[in-house]
Amino acid sequence: MSPAVAFLIGAVVLANIAGALWLIWWTARSKDPAGAGAQTTTHVWDDDLTEYNNPLPRWWLWLFILTILFGLGYLLLYPGLGTFGGLLHWSSISQYQAEKETAGQALEDRLAGIKTESLVQLSHDPRAMATARNLFALNCSTCHGSDARGAKGFPNLTDGDWLWGGDANTIYQTIAHGRDNAMPAWGGALGPDGVENVLSYVLTLSGRLPEASRTAGMTAQIEAGRGTFKTLCAACHGPDGKGNPTIGAPNLTDSVWLHGGEIEDIRETITHGRLNHMPAHAELLGETKVRLLAAYVLNVSEAANPGRAAGAARPASPGQPAPAAMSPR
Amino acid sequence: MIASIEPAAEQGLYASHQKVYSREVSGYYARLRVAAVAALLGLFYGVPWLRWDGRQAVLFDLPARHFRVWGITFFPQDFILLTALLVIAALSLFFFTALAGRLWCGYACPQTVWTEIYVWMERLTEGGRQRQIKLDRGRWSTEKVLRKTAKQALWITFSFLTGLTFVGYFSPIERLVAGAATLHLGSWETFWVVFYSFATYGNAGYLREQVCKYMCPYARFQSAMFDRHTLIISYDAPRGEPRGSLRHGKNRRLGDCVDCTLCVQVCPTGIDIRKGLQYECIACAACIDACDGVMDKVGRSRGLIRYSTQAEMDGRPKQFLRPRVIVYAALLLTAIGGFTAAIALRVPVNVDVIRDRNTLYRVIDGGRLENVYSVRIINKDRKRHEFRIDVTGLPGASVDSDRAAQEVGPEDVKTVVIRVRAPSAEARGAQHLLVVTQALDAPRLRVATPATFLFKAS
């Protein structure tokens, strides 16, 4: 706010208050030219309609004055006159921060008991999980879905398949510090035919395009794709396509497809690449909440996969059934 | 003597307020009002102490948003019922005002009821009208100090009880009274008790008729419901005029009004009813009682001041059933009927269904799509229920969730996440479906909530 604008605002505010005072003073006086003893308010409508003067009690007038005094006091204590911040130095952001601090402290106090529990213990603590469910709904469900089963581009947290590893500590690291992941675009380097070759090979990795259904042309495509895969893709996805959790490279041999498992989706991924970003939450939420959320992720993962500890070896992929429509062009 | 009645010689648009010292009155309408005051105050002070099912029968628990009225617990979602109740209250005001004028003001309004009690306490400590005037004009003496102190002590005690009882509708009264007795009230409880105590003290002790004259909107707009057949308190001027005292009137032909000014002295708003209908008149009928007593004494027939209508005063017949009254009555009965039906048929379960906004749909195996919904079950019943969630209205759709039945505690809210799966071969775009939440143990507790299922756009 420039000084001129600030001055103008202050001047307008004070002028309004002065105007209100003047209005009270002006309207409190009878306009009867005859002076004292007015029987009517001297207002006349429709030629001859007048209003009896039923004087208001004088304390009513004092109420007006009181409101003006209140207004002046308010302007002295709180911001309202241009850039003058008021004697109390109040601001909405400071109030918000103070309230946030209080609420955060209340949560810390409430959860004081869980600090010593391990993440796995926490994931079995119903009271902690009740809080964690709300935290998840507030902070995570926008991307990962209310049921933690994700969406296209946002990982499903309940399927036992983990890009970066699913042990308690790794999950905590993922939430606290975030993850960045990039699949480069190969469309330019490989050309359309090269992309189709790689696509065909990638499909076979998860058991699609069964040998019995392959034509000679397709077999040639797959073999060409296998060559490209071994030189380019294997660097991240591994020679057998099983991925690499240390760099977040996905396993291509299972039925889990983060960016969609349809032919079109996979072709898009190879041609144009993908960028994924999991934001870091350590700063945003603080240690206690991040631990709760990590425990909650363990909890939902285990609930959806009973009998299998989170982060254990992935099951052999059943392979996605390949309907007739899902063969490469 | 009657400073407040005659206009002061000098009059601006504001004048210092003159206290109205009203004279005590007895008679039929006074008894009627005492009965009304006793009944209403009894209700006010008694209801919070009633118990129902081991709990306070009427409690508006604001922090928990539970509004308990006997066996029923209302949630904020039921606020439409409060609206209906207020509509009924407004229509009642219309109906009774059209029929019999300001009945509400004269007998039932809290301002009147509490003022009545405060005036009674004032008379108890300071004496009747004349003694009060004398006491106020006189110098400070021991007697004056004692009488004023006694009055203030009574007033403040009664104010405090009123404030405490009022807050007792919002905070469990037994705990509240125990807390007040041991000076262990919460800060908000203390604030509201003091606030309502002070409001009672100021309104009933000092503001009194000024509330009706200068603040109350109902007082003003009730005149819009008046017509020539509405009951009003009127002075029969042809019969009473010319007025004059019996002694002075011996050699003159005078009307029935003996000009004793008792009707003016008993008036709680300080008007002279003989000047005709005035906006200040709250129709308390004190002047009727006063005048009837005088007429009895001087041997004339009662009713010089009486409940009458403008039509009657003009010599035309009374007419109670007018279109206005019939319309108000019909509206009132309809509103009451609708309200009663709404309460009787109320299903104490609310369900909100919120589709996950980020995820349009998920492709799952078998050519099906999945949409995710958060289902918020609000169990307003006083019993725990288990709910089953199904969907209808979408061919082939089924519900998948982590639990078959969802348990929701009494007067509790629970959010559960469900996945609805539907075959995607035919359907495109947004389709409607109904999420049906059914309590397993009570067939009546069934709520169908509309929702949208998103298929592929094309």
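Out of the helices (runs of 4 or more DSSP H) lying entirely within the stretch A:198-309, which hold 1 or more residues that are under 34 Å from the mean Cα position of the chain (by Cα), within 27 Å of A:Cys140 (Cα to Cα) and not small (Gly, Ala, Ser)? Those helices (runs of 4 or more DSSP H) span A:263-272, A:282-285, A:287-304. Restricting attention to the stretch B:109-126, the residues that are within 14 Å of the chain's Cα centre (by Cα) and either within 16 Å of B:Leu32 (Cβ to Cβ) or not in a helix (DSSP H, G or I) (or both) total 3. Determine whether the stretch A:117-128 contains at least one residue that is on the phi < 0 side of the Ramachandran plot, polar (S, T, N, Q) and touching an Asp or Glu at 6+ places or on another chain (Cβ under 9 Å). Looking through the stretch A:117-128, at least one residue is on the phi < 0 side of the Ramachandran plot, polar (S, T, N, Q) and touching an Asp or Glu at 6+ places or on another chain (Cβ under 9 Å).
Considering only residues of the stretch B:20-40 that are touching a Cys at 6+ places or on another chain (Cβ under 8 Å) and assigned to a loop (DSSP other than H, G, I, E, B), which is farthest from B:Gly205 (Cα to Cα)? This residue is B:Ser22. Of all residues in the stretch B:343-361, those satisfying the criterion of being within 14 Å of chain A (Cβ to nearest Cβ), touching a residue at least 60 places away in the same chain (Cβ under 8 Å) and outside any strand (DSSP E or B) are B:Leu360, B:Tyr361. Of the residues making up the stretch B:66-108, those that are in contact with a Phe, Trp or Tyr (Cβ under 6 Å, 6 or more places away or on another chain), among the aromatic types (Phe, Trp, Tyr) and assigned to a helix (DSSP H, G or I) are B:Phe94, B:Phe95. All of (1) assigned to a loop (DSSP other than H, G, I, E, B); (2) away from chain B (no Cβ under 14 Å); (3) closer than 27 Å to A:Asn251 by Cα hold for A:His124 with one exception: (3). The criterion of at least 3 residues that are touching a residue at least 40 places away in the same chain (Cβ under 8 Å) and more than 14 Å from chain A (Cβ to nearest Cβ) is met by the following strands (runs of 3 or more DSSP E) wholly inside the stretch B:392-444: B:430-439. The set of residues in the stretch B:262-276 that are surrounded by fewer than 18 Cβ atoms within 10 Å (Cβ to Cβ) and not in a helix (DSSP H, G or I) comprises B:Asp272, B:Gly276.
If I filter the stretch B:318-326 for residues that are surrounded by 19 or more Cβ atoms within 10 Å (Cβ to Cβ), in contact with a Leu (Cβ under 8 Å, 6 or more places away or on another chain) and at pLDDT 90 or above, do I get at least one hit? Taking every residue of the stretch B:318-326 in turn, at least one turns out to be surrounded by 19 or more Cβ atoms within 10 Å (Cβ to Cβ), in contact with a Leu (Cβ under 8 Å, 6 or more places away or on another chain) and at pLDDT 90 or above. Taking the stretch B:362-391 as the search range and keeping residues that are farther than 17 Å from B:Val447 by Cβ, surrounded by 16 or more Cβ atoms within 10 Å (Cβ to Cβ) and out of contact with any Lys or Arg (no Cβ under 6 Å at 6 or more places or on another chain), which one is farthest from the other protein chains (Cβ to nearest Cβ)? Applying the filter and picking the extreme gives B:Leu369. For the stretch B:57-81, a residue qualifies if it is out of contact with any strand residue (DSSP E or B) (no Cβ under 8 Å at 6 or more places or on another chain) and not aromatic (Phe, Trp, Tyr), and the qualifying residues are B:Leu62, B:Pro63, B:Ala64, B:Arg65, B:Ile72, B:Pro76, B:Ile80. Name the residues in the stretch B:383-431 that are in contact with a Pro (Cβ under 6 Å, 6 or more places away or on another chain) and among the charged types (D, E, K, R), would you? The answer is B:Lys383, B:Arg384.
State all residues of the stretch A:105-120 that are touching a residue at least 24 places away in the same chain (Cβ under 8 Å), assigned to a helix (DSSP H, G or I) and out of contact with any Ser or Thr (no Cβ under 9 Å at 6 or more places or on another chain); if no residue qualifies, say none. Result: A:Leu119, A:Val120. Pairs linking a residue in the stretch A:49-72 that is more than 9 Å from every other protein chain (Cβ to nearest Cβ) and among the hydrophobic types (A, V, I, L, M, F, W, C) to a residue that is part of a helix (DSSP H, G or I) and surrounded by 12 or more Cβ atoms within 10 Å (Cβ to Cβ), with Cβ atoms under 7 Å and 6 or more positions apart or on different chains, are A:Phe64/A:Ile24; A:Ile68/A:Ile17; A:Ile68/A:Ala20; A:Ile68/A:Leu21; A:Leu72/A:Ile17. Applying the selection to the stretch A:136-154, what residues are farther than 16 Å from A:Met278 by Cβ and either out of contact with any helix residue (DSSP H, G or I) (no Cβ under 9 Å at 6 or more places or on another chain) or more than 9 Å from chain B (Cβ to nearest Cβ) (or both)? If the condition is that a residue be farther than 16 Å from A:Met278 by Cβ and either out of contact with any helix residue (DSSP H, G or I) (no Cβ under 9 Å at 6 or more places or on another chain) or more than 9 Å from chain B (Cβ to nearest Cβ) (or both), then A:Ala137, A:Leu138 are the ones that fit.
The values are calculated or read from the model by the stated rules, or taken from the named source; none is laboratory data. Please read these numbers as outputs of a predicted model, since none were measured by experiment. Note: ideal-geometry Cβ built from the backbone for every residue, glycine included; neighbour counts use all protein chains shown.
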